Amino acid sequence: MTEVRVPVTHESDVVVVRREVRTLASTLGFSSGELAVIATAVSEIARNIVVYAKRGEVVLSLVENGARKGVRVVARDYGPGIPDLSLAMKDGWSTAKGLGLGLPGARRLMDEFDVVSEVGKGTIVTMTKWSR
């Protein structure tokens with residue numbers, strides 16, 4: 001299984017994660033539009049690590065489910081966690097004075113999306129995009 005790990009501690013790491021996910025996903029034949037969608041979702045999640053947690057990691061991997069192939073993204077941080085996950089998943093909610101579109105936007109862009117967060121321990125976002 002192909003796996004790429006990218007430490008995320010600085011805004012410049014968001015660019016690295018974007019490039020790596022595009023490179024990996026392109027091996028599955030995603031269109032340029034689909035690659036842009038995946039890169040956008042990954043950027044939002046990686047940027048959240050930088051803004052809220054200060055340090056974390058994004059793990060990118062190719063996955064299969066029967067005949068389907070896709071790219072899976074697991075973003076893990078060691079930050080403060082999300083006290084109210086249902087609120088954080090609503091458009092427009094932000095504690096950093098942003099647009100509040102990061103988590104809900106990424107959820108809309110990907111085929112599968114899951115968030116687990118524990119206050120004081122951090123957050124794990126897992127998302128998958130399947131090739132058509």
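The values are calculated or read from the model by the stated rules, or taken from the named source; none is laboratory data. Since we're looking at a predicted model, the values are computed, not measured. Don't worry about glycine lacking a Cβ; one is built from the backbone with ideal geometry, like all the others, and counts go over all protein chains shown.
Identify, please: which residue in the range 90-117 is at pLDDT 75 or above and in a loop (DSSP other than H, G, I, E, B) and is, among those, nearest to Asn65 (Cα to Cα)?
Once the filter is applied, the top-ranked residue is Asp111.
Quick one: is Ser61 over 18 Å from Leu103 (Cβ atoms), touching a residue at least 60 places away in the same chain (Cβ under 8 Å), surrounded by fewer than 17 Cβ atoms within 10 Å (Cβ to Cβ) and small (Gly, Ala, Ser)? Walk me through it before giving the result.
On the way: over 18 Å from Leu103 (Cβ atoms): yes; touching a residue at least 60 places away in the same chain (Cβ under 8 Å): yes; surrounded by fewer than 17 Cβ atoms within 10 Å (Cβ to Cβ): yes; small (Gly, Ala, Ser): yes.
Yes, satisfied.
Before we move on, is Ile45 free of Cβ contacts under 8 Å to residues at least 60 places away in the same chain, crowded, with 19+ Cβ neighbours inside 10 Å, within 22 Å of Pro104 (Cβ to Cβ) and within 13 Å of the chain's Cα centre (by Cα)? No: the conditions fail for Ile45.
Can you find even one residue in the range 51-65 that is closer than 17 Å to Ala106 by Cβ, under 15 Å from the mean Cα position of the chain (by Cα), assigned to a helix (DSSP H, G or I) and not aliphatic (A, V, I, L, M)? The answer is yes, given that some residue of the range 51-65 is closer than 17 Å to Ala106 by Cβ, under 15 Å from the mean Cα position of the chain (by Cα), assigned to a helix (DSSP H, G or I) and not aliphatic (A, V, I, L, M).
In the range 1-17, which residue that is closer than 15 Å to Arg76 by Cα and under 14 Å from the mean Cα position of the chain (by Cα) is surrounded by the fewest Cβ atoms within 10 Å (Cβ to Cβ)? This residue is Arg5. Selection of the range 52-62 for residues being closer than 12 Å to Asp13 by Cβ and of a type in the set (Val, Ile, Thr) yields only Val58. Surrounded by fewer than 20 Cβ atoms within 10 Å (Cβ to Cβ), modelled with pLDDT of 95 or more and closer than 18 Å to Ile124 by Cβ - does that describe any residue in the range 18-27? So far as the range 18-27 goes, no, none of its residues is surrounded by fewer than 20 Cβ atoms within 10 Å (Cβ to Cβ), modelled with pLDDT of 95 or more and closer than 18 Å to Ile124 by Cβ. Inspect all residues belonging to the range 19-29 and state whether any of them is out of contact with any Asp or Glu (no Cβ under 7 Å at 6 or more places or on another chain) and over 25 Å from Arg132 (Cα atoms). No: zero hits.
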